[in-house]
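Engineer: The structure that follows is given in the form of structure tokens.
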Amino acid sequence: MKNPEAQGDVSLSQGIRMMFYVMKPNETSFQTLEEVPDYVKQATPFFISLMLLELVVSWISKGKPPGRLDDALTSISAGVLSQLPRLFFRSIELTSYIYIWENYRLIILPWDSPWTWYLTFLGVDLGYYWFHRMAHEVNIMWAAHQTHHSSEDYNLSTALRQSSFQIYTSWIFYSPLALFVPPSVYAVHLQFNLLYQFWIHTEVIDNLGPLELILNTPSHHRVHHGRNRYCIDKNYAGTLIIWDRIFGTFEPEDKKVVYGLTHPINTFDPLKVQFHHLAYMWTTFWATPGVFNKFSVIFKGPGWGPGKPRLGLSEEIPEVTGEEVPYSSSAPYLLKIYAVVQFAVMLVFYEETFANKAALTQLTLLLRVCFFILTLTSIGFLLDQRQPKAAVVEASRCLVFLMLCRFGHLKPLIPFLSFAFEVRHLLSVPIAGLYIYCLFHSFIQ
């Protein structure tokens, strides 16, 4: 029978508690997978609220924001890209789990037992530890995970900088649970484990005292995001830091942490952020002699090379001085405002698409996804000041936007502006936009 205390929509109290993994078993136990709420989707207002709170606290305590606008836009862009496949099919982390459960399960633990709930909490967290560790130690997995580490800031927006294809390997590490844990219980903890890791991406929280011994905290996770030598390949925990202490990968925060990749990519292009390491691997694969060495490029560590240990040499990691200057956009201030406005408009359509995806045709979904990707790419080009490509891509994006509205694949946000979707504007607006952009850029420079 169904759990009468479980609810589809979370209350304010539950929303706050789910961000810190303090929900109770009796309110988050479900008999079937279909009953499990989309906690991650319902967390959106809590993401925004916590980011605003972080902004206020940082201004008060440090006199400055917790990060840079261009970096935050890129992080949120990566989060948007990572969620787009959900418009077409269920996550492979669930589909693979369901397949194993239906065909190979050994025993069936009761879905409504607190013991099952807590066992799954530990099992998912342990699975995450090993997935996360392998994502740093296996080059092909690092090619996906490096997206999350590419930010040179460390704030709550960094938590949203997720890979688009990381989930295609992470499912492997959770699959043993499918031999005995019902999918509905697993689906709850998979979400809570992810949500917990949001709040630890901040510098406004220093040390949490005794909790540092057991839990993954902002201090521990700052080390994980550092590119200092002492930070590399440390603190893989999701919720519990005990796994790092047990398996010898724990490192306390000591010297000032410098964030980002050991070799910064210096771009806000969301596609390059996602795929640059794959391109690097492709080049390295063909340049490396020997069949065994070629496969080592794929399956050994990202720092490996012929004649080196599996994970590479620590002395080859560039030293940091603490004086490193993060890559920042040189775009004019007004152009950054324009990028933010376009980004906000895109987010409104993005949220509306997910809310109404069941009522939209596959063609409309596909066209909208293409528009979202084009918008994020254009914003990245604008922030990178990639001329003349930025102007051409932005003008093309305006044209695509108007065409989608004209043919009903996007609905105007403001009805009284529907005149803008006449055929004559399909050409005049992008051309005028291109001219104004070029004129504006020349004037500013």
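The values are calculated or read from the model by the stated rules, or taken from the named source; none is laboratory data. Note that this is a predicted model, so its numbers are computed, not measured. Here the Cβ is made from the backbone with ideal geometry for all residues, glycine too, and neighbour counts use every protein chain on show. Side chains included, ligands, DNA and RNA excluded: accessible areas come from the protein's heavy atoms. Shrake-Rupley method; radii C 1.70, N 1.55, O 1.52, S 1.80 Å.
Engineer: Looking at the stretch 278-300, can you tell me whether even one residue there is within 25 Å of E324 (Cα to Cα), modelled with pLDDT of 95 or more and assigned to a loop (DSSP other than H, G, I, E, B)?
Structural biologist: Of the stretch 278-300, the ones within 25 Å of E324 (Cα to Cα) are 280.
The next check asks that each one be modelled with pLDDT of 95 or more; those that pass are 280.
Now drop any that are not assigned to a loop (DSSP other than H, G, I, E, B), which leaves none.
No: zero hits.
Engineer: Go through the stretch 356-415 and give me each residue that's farther than 22 Å from A72 by Cα, of a type in the set (D, E, K, R) and open to solvent by less than 50 Å² (accessible area, probe 1.4 Å).
Structural biologist: The answer is R368, and nothing else.
Engineer: Let me ask something else about it. Show the residue pairs meeting these rules: Cβ distance below 9 Å; 6+ apart or different chains; first residue within the stretch 277-299 and closer than 22 Å to I265 by Cβ; second residue among the hydroxyl-bearing types (S, T, Y).
Structural biologist: Hits for this filter: H277/T147; T288/S296; V297/T284; V297/T288.
Engineer: Considering only residues that are open to solvent by less than 20 Å² (accessible area, probe 1.4 Å) and either part of a loop (DSSP other than H, G, I, E, B) or without any contact (Cβ under 8 Å) to a residue 12 or more places away in the chain (or both), which ones fall in the stretch 228-253? Steps first, answer last, please.
Structural biologist: Step one: list which residues in the stretch 228-253 are open to solvent by less than 20 Å² (accessible area, probe 1.4 Å), which gives 228, 231, 235-241, 244, 249.
Hits for the stretch 228-253 are N228, N235, Y236, A237, G238, T239, I241, T249.
Engineer: Look at the stretch 306-333 and say how many of its residues are assigned to a helix (DSSP H, G or I) and either assigned by the TED database to the domain that holds D384 or of a type in the set (S, T, Y) (or both). Break it down stepwise before answering.
Structural biologist: In the first step, residues of the stretch 306-333 are kept if they are assigned to a helix (DSSP H, G or I); the result is 314-316, 333.
Checking which are either assigned by the TED database to the domain that holds D384 or of a type in the set (S, T, Y) (or both) leaves us with 314, 333.
Adding up the residues that qualify gives 2.
Engineer: Now a separate question. Considering every residue within the stretch 110-127, establish whether at least one is among the hydroxyl-bearing types (S, T, Y), more than 22 Å from V22 (Cα to Cα), open to solvent by 70 Å² or more (accessible area, probe 1.4 Å) and assigned to a helix (DSSP H, G or I).
Structural biologist: Residues of the stretch 110-127 that are among the hydroxyl-bearing types (S, T, Y), as a first pass: 113, 116, 118, 120.
Checking the rest, the ones that are also more than 22 Å from V22 (Cα to Cα) come to none.
Within the stretch 110-127, none of the residues are among the hydroxyl-bearing types (S, T, Y), more than 22 Å from V22 (Cα to Cα), open to solvent by 70 Å² or more (accessible area, probe 1.4 Å) and assigned to a helix (DSSP H, G or I).
Engineer: Working carefully through the options S82, S58, find the one that is under 20 Å from the mean Cα position of the chain (by Cα) and outside the structural domain of T202 (by the TED database).
Structural biologist: Values: S58 fails: under 20 Å from the mean Cα position of the chain (by Cα).
It is S82.
Engineer: Same structure again: Just to be sure I understand, how many residues within the stretch 180-227 are free of Cβ contacts under 8 Å to residues at least 12 places away in the same chain and in a helix (DSSP H, G or I)?
Structural biologist: Start the filter on the stretch 180-227 by keeping residues that are free of Cβ contacts under 8 Å to residues at least 12 places away in the same chain, which leaves 208-211.
In the following step, the residues that additionally are in a helix (DSSP H, G or I) were identified as 209-211.
Within the stretch 180-227, residues that are free of Cβ contacts under 8 Å to residues at least 12 places away in the same chain and in a helix (DSSP H, G or I) number 3.
Engineer: On the basis of being at pLDDT 95 or above, open to solvent by 20 Å² or more (accessible area, probe 1.4 Å), over 23 Å from the mean Cα position of the chain (by Cα) and not assigned by the TED database to the domain that holds H189, does W101 make the cut?
Structural biologist: No.
Engineer: With respect to the numbered conditions (1) surrounded by fewer than 18 Cβ atoms within 10 Å (Cβ to Cβ); (2) assigned by the TED database to the domain that holds E93; (3) touching a Leu at 6+ places or on another chain (Cβ under 8 Å), which one is the sole condition not fulfilled by N26?
Structural biologist: For N26, the exception is condition (3).
Engineer: Could you tell me whether H132 is in the same structural domain as H201 (by the TED database) and in contact with a His (Cβ under 7 Å, 6 or more places away or on another chain)? Lay out the reasoning, then the answer.
Structural biologist: Values: in the same structural domain as H201 (by the TED database): yes; in contact with a His (Cβ under 7 Å, 6 or more places away or on another chain): no.
No.
Engineer: So which residues in the stretch 308-336 are surrounded by 12 or more Cβ atoms within 10 Å (Cβ to Cβ) and within 24 Å of the chain's Cα centre (by Cα)?
Structural biologist: Hits for the stretch 308-336 are P326, Y327, S328, S329, K336.
Engineer: Looking at (1) more than 27 Å from Y21 (Cβ to Cβ); (2) within 22 Å of the chain's Cα centre (by Cα); (3) part of a helix (DSSP H, G or I); (4) in contact (Cβ under 8 Å) with a residue 12 or more places away in the chain, which is the only condition N266 fails?
Structural biologist: Against the list (1) more than 27 Å from Y21 (Cβ to Cβ); (2) within 22 Å of the chain's Cα centre (by Cα); (3) part of a helix (DSSP H, G or I); (4) in contact (Cβ under 8 Å) with a residue 12 or more places away in the chain, N266 comes up short only on (3).
Engineer: So which of C405, C370 is in contact with a Pro (Cβ under 9 Å, 6 or more places away or on another chain), of a type outside the set (S, T, Y) and free of Cβ contacts under 8 Å to residues at least 40 places away in the same chain?
Structural biologist: Working: C370 fails: in contact with a Pro (Cβ under 9 Å, 6 or more places away or on another chain).
Result of the check over C405, C370: C405.
Engineer: Name the residue that is farthest from H136 (Cα to Cα), counting only residues in the stretch 164-179 that are part of a loop (DSSP other than H, G, I, E, B) and open to solvent by less than 40 Å² (accessible area, probe 1.4 Å).
Structural biologist: Selected residue: S164.
Engineer: If S77 passes every condition in (1) outside any loop (DSSP other than H, G, I, E, B); (2) open to solvent by 30 Å² or more (accessible area, probe 1.4 Å) but one, which one does it miss?
Structural biologist: All conditions pass for S77, except number (2).
Engineer: Of everything in the stretch 51-74, what is surrounded by fewer than 17 Cβ atoms within 10 Å (Cβ to Cβ) and not hydrophobic (A, V, I, L, M, F, W, C)? Give them in sequence order.
Structural biologist: Within the stretch 51-74, S61, K62, G63, K64, P65 qualify.
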